[in-house]
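Have a look at the structure below, then the notes.
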Amino acid sequence: MSVNLLAIFYLISGVLFILALRGLSSPETSRRGNLFGILGMIIAITVTFLSIENFSTGFIYVLIFLLAGGSIGAFIAYKIPMTAMPELVAGFHSLVGLAAVFVAISAFLNPQVFNLGSPGNIKVSSLIEMSIGAAVGAITFSGSVIAFLKLRGIMSGSPITFKGQHYINLLLGLTIIVLIFYLCRTQSDSIFWRIIEISFLLGLLLIIPIGGADMPVVISMLNSYSGWAAAGIGFTLENTALIITGALVGSSGAILSYIMCKGMNRSFFNVILGGFGATNSTLKNNKKTKPVKSGNAEDAAYLMKNASSVIIVPGYGMAVAQAQHVVREMADVLKKNGVKVTYAVHPVAGRMPGHMNVLLAEANVPYDEVFEQENINNDFASTDVAFVIGANDVTNPVAKTDPQSPIYGMPILDVEKSKSVLFVKRSLSPGYAGIDNELFYRDNTLMLFADAKKMTEEIVKNLN
Amino acid sequence: MEIDPFIFRFSIFILSIFVGYYVVWSVTPSLHTPLMSVTNAISSVIIVGAIIAGLSGDIKNIFETSNIFGFLAIFLAAINIFGGFLVTQRMLQMYKKKKKNK
């Protein structure tokens, strides 16, 4: 196959990938979009095989590794519970990163195959491209591994901070740049390995200071990095499909990070520098014993049965308790009783962008009952009951009233405006930001102290 | 004087960033999780580089270090491709509209 024809096919793959993302503009077109993506991938892989003239025995090994990886991937895709989606995505990011590193290593050790020169005499532009690809890939890998461990709960979600942390990271970053410069001058193997090692270390150090609830930003950021790494390798391999994809994924992740930061009213740097939640908790934890109204499932059922409209506000707690199915059951019973039920999702609810939407979809909640913050916030004032399950900071009115508060300015769901608020929560403990939620002490708030799933099950029993 | 091919690729890169920017802003927020899993899958198109690396050389040096790294990269990228597309498909199947009154 001629080089030009090959390039045209890669371009077609790239276009199909664009259409795959375009499909996600609505759930109806999304499934077709995903098929476009699969088609693009099949084209890219097929023409790559066809482009190689002498099929060596390597072909068998390529096929074996392809099928082995593919079956593991397929197995994971079918088995993974929806609640584990954030850590799955983090895990996948780490694989893209590591694959980028490996391809860069291959290209460095055997540059003839890619027409980049010969070992010890690689084109300078290719060296820069492949070391950027390898460095970003390595950062993506180790960063994603940390994110995975934190999301999975293997590592504590609380930020790990130490003095001079940011200076060390800065220094490591500069070292990588200097080493790339020297690599171009000396073509030395050992410098290439050092670049990769330092990048692994940097990825690790970048993510450890960032706390659990800031993970939506971290995952989006790593998503973006994996794209830039792919683009770097794309330049090395002179492959249009990779360059287009890398750019798409890179900007996609960047936009998601921006949306997540905006949802918390914090700057990107504020999130990335980390340490949020660790310092504030001691500062604001001097809560006095204020009177709290607490109730049981019977009270909650009575309130909701007699309401004409209920808005359900899910948060991370619902995911942890796996309560999404029973929440939908509750909504079904309420609807049968003529109550209007809708769901309100805050952009940063959960541990990754769109986390709550996926869980609700899994529980068969129709997506046209689930609303984004800006589309539903005005409805709270005319709603009888807001049922908050597993969310906390995103409902805290302090974000509007107290300029001293660390979450001041964060756009919140106006839960407080509804006639009564039901709060399913294990205890009065403050949320991630370490701030007391004054909503707990309001007259129209009823606290339901229990596990989210158990409490909702009880309510369903009482409704019937 | 001819234009360096790098400039062409760089142009594609920059234009793709803009395409990505506008396409991703039009993605509905409720599909942000599938967006991440599908971007994961498509960025694994890096597998084409791994295949070329893995297939290079003849029978005598099929287990050169560079081939082995190629094989490993194929393995990792394949997990991602299959896992990413299938899990996206699985998620998207779940997004259903409200049923009309029976």
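What the table shows:
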| quantity | calculated |
| --- | --- |
| Probe 1.4 Å - accessible area at A:K454, Å² to nearest ten | 130 Å² |
| DSSP-defined antiparallel bridges as percent of all bridges, chain A, nearest 5 | 10 percent |
| Accessible-area value, A:M221, 1.4 Å probe, nucleic acids and ligands omitted, Å² | 10 Å² |
| For chain B: rounded, prolate or oblate by the Cα gyration tensor [a/c cutoff 1.5] | oblate |
| Ranked by how many other beta carbons lie within 10 Å on average, peptides A:65-72, A:232-239, A:201-208 from highest | A:232-239, A:201-208, A:65-72 |
| Accessible-area order (highest first, 1.4 angstrom probe) of the listed residues A:K340, A:K163, A:K290 | A:K163, A:K340, A:K290 |
| By accessible area with a 1.4 Å probe, ligands and nucleic acids excluded, highest first: order of A:Y258, A:Y78, A:Y61, A:Y367 | A:Y78, A:Y258, A:Y61, A:Y367 |
| Interface size A-B, as summed buried accessible area [1.4 Å probe, Å², nearest 100] | 8400 Å² |
| Solvent accessible area, Å² - B:R9, 1.4 Å probe, full protein context | 40 Å² |
| Three principal axis lengths of the stretch B:6-46 [C-alpha, angstrom, descending] | 37, 23, 6 |
| Per-residue mean of C-beta atoms belonging to partner chains within 10 Å, peptide A:107-114 | 6 |
| Where B:F82, A:F141 fall by accessible area, highest first, once all protein chains stay in place (1.4 Å) | B:F82, A:F141 |
| Share of carbon and sulfur in the accessible heavy-atom surface of the protein assembly as shown [1.4 Å probe, %] | 63 percent |
| Unsatisfied cross-links (Cα-Cα over 30 Å) in the set A:K340/A:K454; A:K336/A:K454; A:K79/A:K262; A:K453/B:K97 | A:K79/A:K262 |
| Under 13 Å from the Cα of B:K96 - aspartates and glutamates, other chains or at least 8 residues apart | A:E28, A:E362, A:D368, A:E369 |
| Shape call, the stretch A:89-187: gyration tensor on alpha carbons, a/c limit 1.5 | oblate |
| Pairwise Cα inverse-distance average, inverted: Kirkwood Rh of chain A (Å) | 24.4 Å |
| Mean-position separation - Cα centroids, the stretch A:97-167 and the stretch A:297-348, in angstrom | 45 Å |
| Angle in degrees between helix A:215-237 and the longest Cα principal axis of chain A, rounded to the nearest 10 | 20 degrees |
| Average beta-carbon neighbours from other chains, 10 Å sphere, peptide A:355-367 | 5 |
| Per DSSP, loop chymotrypsin sites (Phe, Trp or Tyr not before Pro) in the stretch B:4-73 with at most 15 further Cβ within 10 Å | B:F63 |
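The values are calculated or read from the model by the stated rules, or taken from the named source; none is laboratory data. These numbers were taken from a predicted model, which means no experiment stands behind them. Using ideal geometry, Cβ is built from the backbone for each residue, glycine included, and neighbour counts are taken over all protein chains shown. Note: accessible area is taken over every heavy atom of the protein model, side chains too, but ligands, DNA and RNA are not part of it. Shrake-Rupley method; radii C 1.70, N 1.55, O 1.52, S 1.80 Å.
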